[in-house]
Amino acid sequence: MHTIRFIMVGGFLGAGKTTTLARLGRHYLAQGLKIGLVTNDQAQDLVDTHLLRQQGFPVEEVAGACFCCKFDELLDKVNALDGSQRPDVVLAEPVGSCTDLVATVIQPLKDLYGARFSVAPYVVLFKPSHGLKILRGDASVGFSPKAAYIFRKQLEEADVVLLNRLDELTPAEADELARLVAAHYPATPLLKVSAKTGAGFDAVVEWLDQQGDFGRRILDIDYDTYAAGEAELGWLNRKVHVQAAQPFALDELLIDVVRQLRAALAGAAAEVAHLKAIGLWEGFFGVANLVTTAGDAVLSVPSRCQVSELDLIVNARVAMDPDELRRHVAEVLARECQRRGATLTDIAVQSFRPGRPTPTHRYVAAV
């Protein structure tokens, strides 16, 4: 039987999972291995899926709930990749508001499909902007204790924690974060990395290449608190078609949309967990994102092109009522398109609060 190395990379919304998976994908391709990726979201039209496909990766998407609640669909998507790509390695990116993945994904894979999958150590990315405040116990974190509970539980079940975004931190900030993680999770190894630059990734690959009895940290978790923490977030995926009489800079549109949304959400005292916008047209694409209300909008993938037509997708995960979030996004998109003399046509929109997690399987003890 063809054995697949299964690598799942967890972490909170905006921690850098997609960038990490893309870097790992390029590494394994350079080693002569075939890869496949599976993304995951509570809704369809995930920016991450489009971004990874535009980079040339074979990608399948599990939409509508977390991997834990759609375990069988996760297997179906891996089967689809196996039928078309025969991957040696499958890289999986769970929803950033999801935890308890060892008990609901890793343990079932090892127990029920151990002959087919070789499961790598479970790595979880640490997001500095929110993580610093959460581990300090700062009251100004922007999320309720129930949402912060999810962040903490994600780290608790990791085989190794990756302190990501090293390129954005001073040495003193990185050292403080490392001390905080070590104080809260003393038995868990910590690696300092930058998914963006690749700093520290040799050590990550060494970890992921290890064989052993990993993925055994079954959480003692309160699903009522977990569900309430997820439900705190308003979730929006909106896809529109934009058309103008005259060409305009795609990158300027993307960064302006994210900046204006940041201003609107800050004015509403709403904390951003993650906000992404991608523009796509005839092989060109660009991405802008925001990982905290207190941060700056970043053009993470520039297109450097002029367009008069494009598909624009916005993914927003914000601690606010989803109807209000939908209104803010609609107002900003309409205003920014009007500034460019462009018309906007809706293709799809979903806005909601995530429902209670109901795992397909949940192991209470490691096999």
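Every number in this text was worked out from the coordinates using simple rules, so none of it is lab data. Fair warning: this is a prediction, and the values are worked out from it, not measured in the lab. With ideal geometry, Cβ positions are generated from the backbone for all residues, glycine too; neighbour counts draw on all protein chains shown.
Add +1 for every Lys or Arg and -1 for every Asp or Glu among the other residues with Cβ under 9 Å from the Cβ of A15, and state the total.
+3
Once R0 is set to 30 Å, what does the formula 1/(1 + (r/R0)^6) return for the Cβ-Cβ distance between D323 and A139, expressed as a FRET efficiency to the nearest 0.05?
0.65
Mind putting a number on the dipole of region 4-230 about its Cα centre? Charges go on the C-beta only, +1 for Lys and Arg and -1 for Asp and Glu, and I need it in Debye to the nearest 20.
Magnitude of the dipole: close to 360 debye.
For the chain, build the charge dipole from Cβ charges (+1 Lys, Arg; -1 Asp, Glu) around the Cα centre, then report which of A65, V301, A187 sits farthest towards its positive end.
The one lying farthest along the dipole's positive direction is V301.
Whole-Hz Karplus ³J(HN,Hα) for region 361-367, in order, using 6.51 cos²θ - 1.76 cosθ + 1.60 and θ = phi - 60°, x for Gly and Pro?
Rounded to whole hertz, the list is 10, 8, 8, 8, 8, 6, 8.
What does the charge add up to near D76, with Lys and Arg as +1, Asp and Glu as -1, over the other residues with Cβ less than 13 Å from its Cβ?
Residues close to D76 contribute a combined charge of -3.
In Å, what Rg and Dmax follow from the Cα atoms of region 204-325?
Rg then Dmax for region 204-325, in Å: 18.7, 60.
Starting from the amide H of F248, placed 1.01 Å from N in the peptide plane, find each other amide H under 5 Å away whose residue is 5 or more places distant or on another chain.
V307, S308
What ranking, highest mean first, results for peptides 6-12, 190-196 when packing means the other Cβ atoms within 10 Å averaged over each residue?
Result, highest mean first: 6-12, 190-196.
Along each of the three principal axes of the Cα atoms of the chain, give the extent in whole Å, ordering the values from largest to smallest.
Extents along the principal axes: 60, 49, 40 Å.
Tell me, what HN-Hα J-couplings in whole Hz come from the Karplus equation 6.51 cos²θ - 1.76 cosθ + 1.60 at θ = phi - 60° for each residue of region 298-306, using x for Gly and Pro?
Once rounded to whole Hz, the list reads 10, 7, 6, 9, x, 8, 6, 9, 9.
Of E156, E93, how do they rank once you tally other Cβ atoms within 10 Å and put the fewest first?
E156, E93
Search the structure for amide H atoms under 5 Å from the amide H of I4, placed 1.01 Å from N in the peptide plane, and list their residues when 5 or more places away or on another chain.
Residues meeting the criterion, in which the H sits 1.01 Å from N, are F117, S118.
Using alpha carbons only, how many angstrom separate the centre of region 123-138 from the centre of region 65-121?
26
Report ³J(HN,Hα) in whole Hz for each residue of region 225-240, in order, from the Karplus equation J = 6.51 cos²θ - 1.76 cosθ + 1.60 where θ = phi - 60°; Gly and Pro get x.
After applying 6.51 cos²θ - 1.76 cosθ + 1.60, I find 5, 4, 4, 5, x, 5, 5, 5, 8, x, 10, 9, 10, 10, 10, 10 Hz.
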